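A short write-up of the structure that comes next.
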Amino acid sequence: MADANGSRVAQLEEENRELKAEVSRLREENRRWAKLAGTDALTGLPNRISFCRAFLPQTLTQSVKEGHPVGLILISPDALWEVNESRGREAEDQVIKGLGQLIQSLVGDEAKLGHIDGENFCLMVYPGELEAVRSRANMVRARVRTHEFPCGEASAQITVSAGISSVLPAEGADFKGLGESYLRDLNQALHSAKKAGGNRVEVT
């Protein structure tokens, strides 16, 4: 009887391992298809490709016609690795997803939000004069600081830093190619904010 029970337990454990492997495979497959569709699988937000190659060029075209700048805010959590280290990757993903949801709830339909890569979100504001963009970035920064993000069976509190810019491209510019250039500049400003201690907003 004991041998039979042991055999059954071993079988169930093997089935459980196979199920976990299949779930992992399907999750990766979903991420791949979501990327092709232009949506980030974790957050449901536009990914880097669709943000830079579709949404941003549309707004830049409008900005040139109307003569108003576009505001861009690159937002990233400070020291998110601490959540990963203490609570694991799934907890980190929960915080990233929650951050996207919080930012979206704060800006509503007034701005376009994209999940650019692992920890980074980009917020596009139009029209986007620099001081208005700075104010928006600081509003998000302040609200994040006091928010509790569900994280496994507990919650986590984080801060964010941001790099911001206000851009008005020249007529005839390659709008689809400008996105990556803008992101590089924003990332440098973001890096400066983090290097200065985090929970800051820096201008490109």
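Count of segment 67-96 residues, restricted to those that are free of Cβ contacts under 8 Å to residues at least 60 places away in the same chain and either of a type in the set (A, V, I, L, M, F, W, C) or surrounded by fewer than 19 Cβ atoms within 10 Å (Cβ to Cβ) (or both), is 8. All conditions but one from (1) in contact with a strand residue (DSSP E or B) (Cβ under 7 Å, 6 or more places away or on another chain); (2) closer than 22 Å to ARG89 by Cα; (3) polar (S, T, N, Q) apply to THR159; the one that does not is (1). Within segment 99-106, is even one residue in contact with a strand residue (DSSP E or B) (Cβ under 8 Å, 6 or more places away or on another chain), modelled with pLDDT under 95 and in a helix (DSSP H, G or I)? The answer is no, given that none of the residues of segment 99-106 is in contact with a strand residue (DSSP E or B) (Cβ under 8 Å, 6 or more places away or on another chain), modelled with pLDDT under 95 and in a helix (DSSP H, G or I). Filtering segment 150-186 to residues that are over 17 Å from the mean Cα position of the chain (by Cα) and assigned to a loop (DSSP other than H, G, I, E, B) leaves GLY152, GLU153, LEU168, PRO169, ALA170, GLU171, GLY172, ALA173, ASP174. For LEU123, only one of the following conditions fails: (1) more than 14 Å from ASP78 (Cβ to Cβ); (2) surrounded by fewer than 15 Cβ atoms within 10 Å (Cβ to Cβ). What is its number? Here LEU123 clears every test but (2).
The values are calculated or read from the model by the stated rules, or taken from the named source; none is laboratory data. Just so it is clear, the model here is predicted, and its values are computed rather than measured. In this analysis, Cβ positions are derived from the backbone assuming ideal geometry, glycine residues included, and neighbour counts consider all displayed protein chains.
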